[in-house]
Each structure stands twice: as C-alpha cells, then as structure tokens.
Amino acid sequence: MNALAATSRNFKQAAKLLGLDSKLEKSLLIPFREIKVECTIPKDDGTLASYVGFRVQHDNARGPMKGGIRYHHEVDPDEVNALAQLMTWKTAVANIPYGGAKGGIGCSPGDLSISELERLTRVFTQKIHDLIGIHTDVPAPDMGTNSQTMAWILDEYSKFHGYSPAVVTGKPVDLGGSLGRDAATGRGVLFATEALLAEHGKGIAGQRFVIQGFGNVGSWAAQLISEAGGKVIAISDVTGAVKNVDGLDIVQLVKHSAENKGIKGFKGGDAIAPDSLLTEECDVLIPAALGGVINKDNANDIKAKYIIEAANHPTDPEADEILSKKGVLILPDILANSGGVTVSYFEWVQNIQGFMWDEEKVNAELRTYMTRAFGDVKQMCRSHSCDLRMGAFTLGVNRVARATVLRGWEA
C-alpha cells in the first residue's frame, strides 16, 4: 500500500471515529493548492536543462503551511501529496500553528555540480516566491537538500521581499538557523520513547535498542539513547548492518561512518545481514530509514515490544494489524518524528522575534512539546478506545477540523 493510500485510510478511519461531517471530511482531504513550475538552467557545459519543480500546499486552517523540499530523480506526485497531508496532521498533533506542505524538484542532485544546484534552487525560488512566505508557506530541507539549499532560497526570496530569515527553516546558524536543529528529530525520538516507556514504568536505561538507518535521525537517536543509558545492540544503513549484544560504541561508530561513508566494516561488532535487523531480539525497534519496511512478510517475526516510527510511514497497515494482535506497541510517525518540525517552529519564532535562544532552551522546550503531545494522544486513545496511531490521527484531524469550522469553512 503506497503512502497516499495509507495516509488517506488513516484519515478516513479517524474521521469516522470523530463523526466528522462528510462534506467537511472531503474538504479536508483536498489540497489547498498545487503548484508546478518549469525550471530551466544553463548547465556548466553551456547546454540548457529543464526540470519540473512543484509544491503541494495542503491546508492552512491552523497557520502557514510547512514542509520539506526534496531533490530526487523520481518525485512521485502521489507521495508528495501524502507527505503534505501528513504534515497537516503532524503539526496539529505537535500543537504548533502550522498546516502541511511538501515540494521538490525532479532531479538527481548527485549528478549536478554545486553551482548547477544553486542556479536550479534560485530559478525555483523565483517561480514560487509569491506563493511562499513567512505567513503563507515556510519550506525546509528534505531528501537531497540541506542548510545550504535553504540559504540560497532565503537569499533569492529576499531579493523580492527584503531580508526575511523566517521564510525557510533548517538554515545555517550564521543566517538565523536555530541551535539544536540538527539533532532535533533524533532528540524528539528520544523524548517520545521516554514518554512511552515511562507510561509502562520503564526508562531508557537498560533497554535494548535496534535502529534501522544511520542518517541524521538514526545517528542522533543512537547517540542520545546510548548517552541516556540505553543499549543499542544493532544498527544498519545502506552499506550494511552491525550487531553487538553488549551494546555498540556509538561514538566510535559515528566516527567510522563519517570516515568510511557508512557503517560497513566497523570493528566494534559483528556484521549481520541487513534484512535480519528488524527481526533481531530487542526491547525497542526504531525504523529510521525508508517507508514500508515493516510489512506482512516480516511482521510475524518481529521480537521487539515497542516500535518507534522515526521514519515516515515505515509500517504497512497489514503489519499494523499483525503487530497489535501480538501486543506490540507502535508509536506512530506523526508523533515520534515530529521533533524536527517542532524545532523548525522554534527557529521561525526566533527569526520573527529577532531574538535567538541558547541550545538548552531549545532542547527544554522540545521536551515540553513532545511530552505534552504524547499526553494529548493518550487522552484521545482513552476517549476513543483506540491504538496510538488512531489516537494521534484523531487528535490531529480533530484540531484541524475545529479550526476549519471556527474560521467559517462554509462561508
């Protein structure tokens, strides 16, 4: 089941639990605006190349739209639509004043030089500058983009609208980026995991963790969990997988991964087949890589008691049913990985105020937001007697629906 089908299915189930009006339900699903633009740039060799850029703006009932921009060779409109919709529910669950958006350019960033990427980013910004903005739509980095991409967008946008640091988040700190933004999603995963374990009288310390993915989110989650006393016993990335039942030395693994462009060949553990990682014996499983990795084929073999969805949509609905029958608790992506967008919100707030926070304040506020969101989700689980995923979806959908009705959606 693809991301759009799964997200829409979750939304419909939540709408049913909430007893939403069918017209309102339909209105909430349709994106506010979809933008598609042609971006033609001169390549370094003097030839012209054309790319398609787009932005899906899903909903702005609760505030300006927010979501990543990805540079990837196969940007599927359905997936972008699903991710924009997912951002609407995610920001509502986190209770930050945003709606959802997503966008990107269909290109292979690895095949373009830095100067080509800069020209492409600037042309894209020129085409959409009047459709994004501090109080309209605030982009952020995603796959294939980074803080440098945001710096180019900020500069190009500012040529039209004056210096506006709050138009994008995930910027370099020198241009108004927030301290703590880099580790935010991984730190949010830690706080969300703490909240879930505390509910069952446990702490991070002494639990055995398995993490799939060692990019930004996976590596920060691993570092912070091991600092908190958790035992990370197995990790995989695109290059391979490594296991050590006594716990991996994460500091050394981060160093090895940076030097060798991956975890393959790490001496502090035994190499295992990456496919077997998800079914390793552990207490907490954290998929932090791709979507759809936990499916009906492997769900029966998963031995973890808790799954924390650090990736977007890692669990198929079929696997959801199998796992809940086994009594495995799943902390859904729209709660578990919302640390990134929450600190993006803090960055935006700091830019608007023109007053920057120190890192302690950023991390303390993040803990407050993540813990409160978990409490709010549990409250919905109790009122609708449902699992955590439906608790999160009903919470998010309900907040957006209420804002929509209060603003007068029929007028």
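One table, with the values for the structure above:
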| quantity | calculated |
| --- | --- |
| Heavy atoms of H135 accessible to a 1.4 Å probe, total area in Å² rounded to 10 | 140 Å² |
| Modelled FRET efficiency - R0 45 Å, Q126 with V245, Cβ distances, 0.05 increments | 0.25 |
| Average Cα contact separation per residue, the range 183-331, under 8 Å, 6 or more apart, as relative contact order % | 21 percent |
| Structure-derived Kirkwood radius over Cα pairs in Å - corresponding label in (1) 21.8; (2) 23.0; (3) 27.5 | (1) |
| Solvent-accessible area of D111 with every protein chain in place, 1.4 Å probe, in Å² to the nearest 10 | 120 Å² |
| Fully extended contour minus Cα-Cα distance, from D275 to W409, at 0.36 nm per residue | 43.4 nm |
| Relative contact order of the chain, defined on C-alpha pairs under 8 angstrom at six or more residues apart (%) | 17 percent |
| Residues of type lysines that K90 reaches as a straight line, Cα spacing below 17 Å, ignoring anything fewer than 8 places off in the same chain | K12, K66, K102, K378 |
| By accessible area with a 1.4 Å probe, ligands and nucleic acids excluded, highest first: order of K264, K202 | K264, K202 |
| Efficiency of FRET from Cβ geometry, K361 and S164, R₀ 25 Å, rounded to 0.05 | 0.60 |
| Per residue accessible area in Å² of the range 30-164, where ligands, DNA and RNA are left out and the probe is 1.4 Å | 39 Å² |
| Beta bridge orientation in the range 183-331: antiparallel %, DSSP, nearest 5 | 30 percent |
| Residue of G229, G68, G104 that the Gaussian network model of the chain assigns the largest fluctuation, springs spanning Cα pairs under 10 Å | G229 |
| The range 41-83 versus the range 233-275: alpha-carbon centroid distance in Å | 33 Å |
| Cα-based reach from K361 at 21 Å (exclusive), listing lysines while leaving out same-chain residues under 8 positions away | K171 |
| Antiparallel DSSP beta bridges within the chain, as percent of all bridges there, nearest 5 | 45 percent |
| Unit charges on C-beta of K, R, D, E only; dipole of the range 1-159, Debye | 720 debye |
| Label point distance in nm, Q353-V254, each placed 7 Å from Cα along Cα→Cβ | 2.7 nm |
| Helix-only [θ]222 nm of the chain, DSSP H runs n ≥ 4, -39500 (n - 2.57) each, per residue, nearest 500 | -14500 deg cm²/dmol |
| Among D44, D333, D275, residue whose mean-square fluctuation peaks in a GNM of the chain (springs only between Cα atoms under 10 Å) | D44 |
| Net dipole in debye of the range 183-331 [+1 Lys, Arg Cβ; -1 Asp, Glu Cβ; about Cα centre; nearest 20] | 300 debye |
| Percent accessible area from carbon and sulfur atoms, the chain, protein chains only, probe 1.4 Å | 51 percent |
| Considering only the range 30-164, percent of DSSP beta bridges that pair antiparallel, nearest 5 | 60 percent |
| Separation between Cα centres of the range 190-223 and the range 149-182, rounded to whole Å | 31 Å |
| Charged-residue dipole, Cβ positions (Lys, Arg, Asp, Glu), the chain about Cα centre, Debye nearest 20 | 1060 debye |
| Relative contact order [Cα under 8 Å, 6+ residues apart], the range 30-164, whole percent | 27 percent |
| With DNA, RNA and ligands ignored, accessible area of F32 (1.4 Å probe; Å², nearest 10) | 110 Å² |
| List S147, S344, S383, ordered by accessible area with a 1.4 Å probe, largest first | S383, S147, S344 |
| Sites D297 and A5 - FRET efficiency at Förster radius 25 Å, r taken between beta-carbons, to 0.05 | 0.85 |
| Quarter of Cα convex hull surface for the range 183-331, i.e. mean projection, nm² | 7.7 nm² |
| Cα-based reach from K43 at 19 Å (exclusive), listing lysines while leaving out same-chain residues under 8 positions away | K127 |
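The values are calculated or read from the model by the stated rules, or taken from the named source; none is laboratory data. Keep in mind that what you see is a predicted model, and the values were worked out from it rather than measured. Heads up, the Cβs are rebuilt from the backbone with ideal geometry, glycines too, and the neighbour counts pull from every protein chain shown. Accessible surface is based on the protein model in full, side chains and every heavy atom, while ligands, DNA and RNA are left aside. Shrake-Rupley method; radii C 1.70, N 1.55, O 1.52, S 1.80 Å.
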